[in-house]
Amino acid sequence: MSVAGKAPNPEKGKKYFALLDQALCNGSWAEIPELARKTDKHAPERGGFTLAARTEAQIASASHRPTSASSAGTSSIHGLSEAIPRLQEAIASGQSVPDDAYVASACLAEIHWLQEDAGAALKVLPQQNVSTAVSGEPTAALGWLEVCVAKVAFIRAAALEANGQASEVREVYRAAVAQTPGSRSPELRRWTERLLARACMSDYGRTLQPTLVTLTGSLISFRAWTSFWQRAPPQASGSGAKNTRVDIPRRQVWKAYYNLLSVILSHDLLYNVSATARSELLLVPQRAISTQQYMDAKIRQRAELKRVEITYESLLLNETQFPKASQTNAEVELWIEQAVINWKTLSSADWTDEELGDGGKATLGRDMLDILYRAATKTFHSNAILRQLFTVHAALGEYDLAIHAFNSYAEIVGRRKAKSEKTGMQELGSDDDDDTAILTASEAVRVLCKNGDREQAEKALEIGEKIKEWLGWQRSDEVDELETTEDVKTGGARPANNPILSRLRPDTLASAHRAIGISQAHWAHITYDTDARAGLQKNAESSLRRSRSYDENDLETAYVLARVLAETQDVSAAIEITKRAIAAANASHADDDGEREHYIKQRQLVPLWHLLALCLTSRDEHDAAVKMCNAAFDQFGESTVLFGRQGMLDSNSRSRAQRGLVDSMDDFEKEGLLQVKMTELTLIELMEGAERAADFSDEVLRLYARLFGNPEQLKSASKPPQTAASMAPPPTRGGGGTLRSIVGSIRPKSARNSVERDTSRQVSSNLAALPETSPGRQTATNGQAAGPPISITVTNENGVSAEKSQREHHSHHLHLPFKMRGHHGDFREAGSLRSKKSAEDLNEKTDGTHDNQQVSPPVPPKDTAVTDHARTAVAPDSLAVGSALNSSVAADTPTDPQQPLKEIEHNRPPGDWPAPLGHERRAPEQDVRLPAPHPATSHGLALPSMGSLHVRQHRSSILVKVWLFVAALYVRAGFFEDAGGAIEEAQRPVEAFEREKSAQNANALALFEKGWGGGKSVDELWADVWSVKGDLAVSRELPFEAMEHYEQALTYFPDHLEAIIGVSDMLMDIYEEKMPAEEPEPPLIPNNPATSPQTSKPSNPPPPRLTTAKSSLASAGREPPPNARSKDPTPAQLNRLAARDRAYMLLSTLTKLGSGWDSPEAWFALARAHELSGEVGRAKKALWWVVEVGESRGVRGWGESVGGGGYCL
C-alpha cells in the first residue's frame, strides 16, 4: 500500500501540530518543513497554519543580500514575494481556522515590513487581536498565536512610527506595556524584547526635555522592561533564536534606563511609594510627605538605580573588548562620566547613610572606585578614568592616590598636547579638551592647598606653573602686570592673542588664573625664603586680578584677592573688593533658580563677611565689625534655616524635617561659622572687657556641639602602647577641681552671676534656636591631669633640624638649645655666641650695676589667692548643654607607659653626681607597661579608615582651638582656675587623637607633620596646649613655670609663634637680670624676722669689673699695660649672653616664617633683641615694621576668616 493512500489520523494530527507549534516557538527552523508536511497529512484543515509556518522558516533563513549574492541555502528578503499570493489566498478563502488566518496575516505583514513597505504592512495587519483563551479548536496553537500577538503589536508600532503617526504609536506602546507580554518561549521573548525595547526608547526620546509626565511614562516602560527580564528564563546555549537580530541592542536599552534614572536623580524627584495611579509615580519633594514615606522612597530609588547600574555595567564590560591601538572605547568613558555624576549626587547632604543602604556613603565611594578600576581594564590610558579616579580618591580622603592619578593624567595630557601641537593633528585618545584639562589641574591645586601640608603646597606651585604652560603663557611678568593693570582700568578682559586662550571658555580662564594665584599665595604664606615672599604675593595678586577680569562675580576669587591684599597691608583695597563681592552676590539673589542655589551663595559669603569684619577692626571700627559678624548669620533669615528645628544635640540623629543648613556643610564650612563667633567674642572683649566676653563664652561651646556633635566621641579611642612622644608630665594644678560640664564649672562665677543678673542683652541672636538638652549628671574628676604621651625630638644627634636631612630649604631650622623632654629647667646646652663682642657688651653693661647693688633673684609668690569658681553652683542655662558634654572620669590606674625612678641614694646631693651610664641626657626611667597581647587574643576591631582619621584630626584640632580660645579669654579676664580647667579639657582630645594615630603605627615624623586633611598635627596641638599653659603661668606671675611650659611647646613644635615670643621675652629678661637664669630653691630654714638686713646680705664682694675695648680705659685714650689681658666672662655672664643670643636666633627665624613675618609681637620682641645687642639701626627698622604691620592688622589672623581651608572656600 502506498503512503498517499493512507487516511489522515486525527490523533497524529494533534501530535504533529503541537510539535510544529513548539518548533515555531523555539525557533527550530530546520524542523519546520518536515513537521509541516506531517501536519498537512494528518490535519489538512490547518493548511493556512502550515503555510505560515513554512514561510516563517524562509523568513528566518533569508538574508539582506541580493538574490544573486545569496548562497544556495538561503533566500533573499525580496525573494519572499512569492509567498505573498499564497498567504493572501489563504486569508481570503475563509476556509481557514480564525487563528490560522490571524497567523497568516501576521506572517504577511512581517514580509511587507521586511521589504520596508510600512503602508502595505498596516493594511494586512489584523485589526483585532485573537484571544487564545476563547479558541475552541481542539488543536489551537496556543504558543505561536501568542507570539503572533506580540509580533503584530511590534509591526504595527514600527509601521506607524515610520509613517510619522506619533499619537497612534504611543497608544500601541502604552497597550503593550500594560499587557506585559510573556516570556515562556524563545520567540516570544525575542518579539517581546523588540517591542518593549522600541517602547522604552520611544518614551525615553521624549524625556530629552523632561517633564513630570514624560518621565513618569518613560519610567513605566522601563519598569515593564526590567519586569520582563526578571521573568524571562536564561536562554539556552543551543537556541535557534540566539543568532537572530534585534532592532535595538539590549545594552542600549539598559543604558537609556540608567540615563533616565540619572535624570530623575538629578532633578531630585521622589518616588511615590503609595501611588495608585501611574500619573503619580513621581513626586516633587516639596509636597507634604511623612518621614517614613520619604525614607522608603529614597531606599527604593537607590535600589532601582543600583540594580540597573549593575546590569548595564555587566553587559558593557562583557561585550566590550580591550581597544586596539587605533581604537578607543568611548561608551565606557561616557558611562564613567554619568556614574560619577550620580555618585556625587548620592554623596551629597541630600542623602543619608540610612537611605543609601548597607555601608552608607563609605560603601558607595568604594563601589564607585571598583567601577572605575573595572572600566580601566577596557581602556588604555583613558583621560576620563584617570580624571575621575583623582576626583573620587580625593573625596574619600585618599589624597596620595588622588595625586598619583592626577600625575598620570597630567603626564598623558601634556604628552598628547605637545605631540598635537608639533604635528598639528589631534592624537587619538586625547578626548579631554583644553577646558577639561585645565579645570582638572585647577581642582588639583585646590585639593593640595586645602588639604595638604608644606610638601603639597610646593606641588601645587608646580601645578600652577604647568597650568601656565598649558595656557601658553610665555611672556614676562612685567608684560603680564602691565596688561593686567590696563584690564583693571578698562574693566574688560585681556584680548587673547594666544590660539589656546582663544579656544578656552571665560570660566576656564578664570579658574586657571585663580588656581595660579591660590598656589602662589599659599606658598608665599609658608615659604622660608623671605626675599621671594613679596614677589610671590605680587604675582598672586596679578593672577587673581586677571581671574576677576574673566569672571567678576566669582566669590572665591574675590575672597582670595581680598585676603592677599589684607596680608600685604592694603586693607582699603581689600575692604573695597569684599564689599563689591557681597553687594553683587546679594543683588543676584533675585535671579537664582531656587532656594538651594540661594543658600549656596550665602554659604560662600560667610568667609567674606568674616574677612570684612577683620578688615574693619584694623581701622578700629569695632561696632561695624560686630555687625558684619552678625550679618554672616542673619543672611540666612530665620535661625531654623541654618540650625534646623529643636531636637537632639547630635546632628547625625536629626530627622529630615529637623535638619538645617549646617547639617549639609562640610567641616571647613562649619569651622568658618565657629571662627565668626570667636571673632565676635574677641570684639566684645575689646569693647566691654574680658569679663563681659567670658559671659558669652558658652555660646562658642554650644555652637561647636551643634555643628560637630558631642565632643566626647573624640575622646573615646582606646589607648595603645605609646611609641613616639616625649615623657613630660605636666605640673599639678593647684586648684584641684575639674569640669562638671562644658559650661558649668568652666564658666567663672562672676560670669554666671552676671548672666543671671542681666538676661536682657542678647549679643548673638543667631544662636537663639540652638537646641537645649536636659540637665545631666554632674561628674567630678581628680585635679591631677594625666601627662602627655611621648613626643618626638625634633633635632638629630648633631643638633640639626630633622627636616634638614629631607629638604635643603629647611636649613635654617636650628632652634638651639633644645631642652630634652622630661628635664625641667635643664639648660646645660647653651646656645653659641654670635661674637666676642657680646661678652664685651655684657661686661660694659654690668659695670654700673654690680658695683652699686646686688641683684637678688625674685622668689616666686606662694599660693596666690584665686577665687575657686569651679566649686560654685552651676547656672541653669549652663546645665542645658552640660549633659551632652560631660567630662569623662579620670582613671585611677596610671596611664603613662613609663615612670621616673626615685632619686639615686648618695651621701652627696644627687645633682653633684654624674648621671648613670646611658642616661647622660635623660633621667632614668622604668617601663611599667604590660606585655603586649598575642595577636590571636587581641580584639579584632578594625582600625579607622584614612578618611575617618582625617575627620577626627580636623575636628579634634577645632575642639582644641575652641577650648584654648576660652582658656585665653579666662586668662585675660583673671579667672585663672577656670582657665586651667579649660586647658585640661583641650588636652584630652589631643591625648585621644595621639593614641589613635599611634595605633596606626605612626612614627615620630607622622606625629610631627600634619599630613593630609584639615587641622593640625599631634605635636602642634601639644605645642598649642603648652603655650597657653605658659600664658596662664605668666598671668599668675610664675615665670619659671611659664618658661618651662614654653620650652615644652618648642620641643613639640619648634616654630610655634606664641611659644617663641614668650620664651624669648623671658630669655631677654634673664639677660637684663630682671629674672635669674635658674629658679631659686626655697630655703630649708626660714629666715629669722629679727635678723637685720645687714646680716642677711651676702659677704662675697661683687665680681671685678672687666676691661674690654669699650671700657672706660679705652674711652679715655689710655692704653692698657702690656701684660694686662681681658678676663674671660664668668659662667653667669655666659648664661646671660646665651639667653640673649638664643632669643635673637629664635625671633630672627620666626620673622622669616609665614606664621611670623607679619606678627607685630614677633617684630617688637626682635627689636628688643637688637637693642640689647647694641644694633640700634636694626632695632629701629624692626620697630618701624611693627608700626606698619600693626596698623593694618585685625583683631585676629587673616587666616581665621576661612577656618582651616587655607585660601580656598
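The values are calculated or read from the model by the stated rules, or taken from the named source; none is laboratory data. A quick note: this is a predicted structure, and the numbers were derived from the prediction, not measured. Cβ placement follows ideal geometry from the backbone for every residue including glycine, while neighbour counts extend to all protein chains displayed. Calculation scope for accessible area: heavy atoms of the full protein, side chains included, ligands and nucleic acids excluded. Shrake-Rupley method; radii C 1.70, N 1.55, O 1.52, S 1.80 Å.
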>> Tell me whether the stretch 329-350 contains one or more residues that are acidic (Asp, Glu), open to solvent by 40 Å² or more (accessible area, probe 1.4 Å), within 25 Å of Thr391 (Cα to Cα) and at pLDDT below 90.
In response: yes
> List the pairs whose first member sits in the stretch 688-708 and is of a type in the set (S, T, N, Q), whose second member is in a helix (DSSP H, G or I) and open to solvent by 10 Å² or more (accessible area, probe 1.4 Å), and whose Cβ atoms are under 9 Å apart, counting only residues at least 6 apart or on separate chains?
Replying inline: Ser697/Phe965
> Looking at the stretch 1034-1049, which of its residues are crowded, with 24+ Cβ neighbours inside 10 Å and of a type in the set (Gly, Ala, Ser)?
Replying inline: Ala1049
> If you check every pair at least six apart or on different chains, which have Cβ atoms under 6 Å apart with a residue in the stretch 1132-1146 that is touching a residue at least 24 places away in the same chain (Cβ under 8 Å) and in a helix (DSSP H, G or I) first and a residue that is among the charged types (D, E, K, R) and open to solvent by 10 Å² or more (accessible area, probe 1.4 Å) second?
Replying inline: Asp1141/Arg834
>> If I ask for residues that are charged (D, E, K, R) and within 19 Å of Ala121 (Cα to Cα), which ones from the stretch 158-181 would you list?
In response: Glu161, Glu168, Arg170, Glu171
>> Please pick out the residue among Ala256, Ala288 that is open to solvent by less than 40 Å² (accessible area, probe 1.4 Å) and either assigned to a loop (DSSP other than H, G, I, E, B) or at pLDDT 90 or above (or both).
In response: Ala256
> Looking at (1) free of Cβ contacts under 8 Å to residues at least 24 places away in the same chain; (2) closer than 26 Å to Ala224 by Cβ, which is the one condition that is false for Val284?
Replying inline: (1)
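Residue by residue, here is whether (1) basic (Lys, Arg); (2) open to solvent by less than 60 Å² (accessible area, probe 1.4 Å); (3) modelled with pLDDT under 90 holds:
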| site | (1), (2), (3) |
| --- | --- |
| Lys1110 | yes, no, yes |
| Pro1122 | no, no, yes |
| Leu1137 | no, yes, no |
| Tyr1144 | no, yes, no |
| Trp1184 | no, no, no |
>> I'd like to verify a number: residues in the stretch 149-186 that are among the charged types (D, E, K, R) and either touching a Ser or Thr at 6+ places or on another chain (Cβ under 8 Å) or under 18 Å from Arg223 (Cα atoms) (or both), how many?
In response: 4
> For the stretch 697-713, which residues satisfy the criterion of being open to solvent by 20 Å² or more (accessible area, probe 1.4 Å) and in contact with a helix residue (DSSP H, G or I) (Cβ under 8 Å, 6 or more places away or on another chain)?
Replying inline: Glu699, Arg702, Asn710, Glu712
> Say we look at the stretch 351-383 and pick out the residues that are outside any loop (DSSP other than H, G, I, E, B) and among the polar types (S, T, N, Q); which of these is least open to solvent (accessible area, probe 1.4 Å)?
Replying inline: Asn383
>> Whether any residue in the stretch 144-167 is surrounded by 15 or more Cβ atoms within 10 Å (Cβ to Cβ), within 28 Å of Glu45 (Cα to Cα), of a type in the set (A, V, I, L, M) and at pLDDT below 85 is what I want to check.
In response: no
> Looking only at the stretch 989-1028, which residues are open to solvent by 20 Å² or more (accessible area, probe 1.4 Å) and assigned to a loop (DSSP other than H, G, I, E, B)?
Replying inline: Ala999, Gln1000, Asn1001, Asn1003, Glu1009, Lys1010, Gly1011, Trp1012, Gly1015, Lys1016
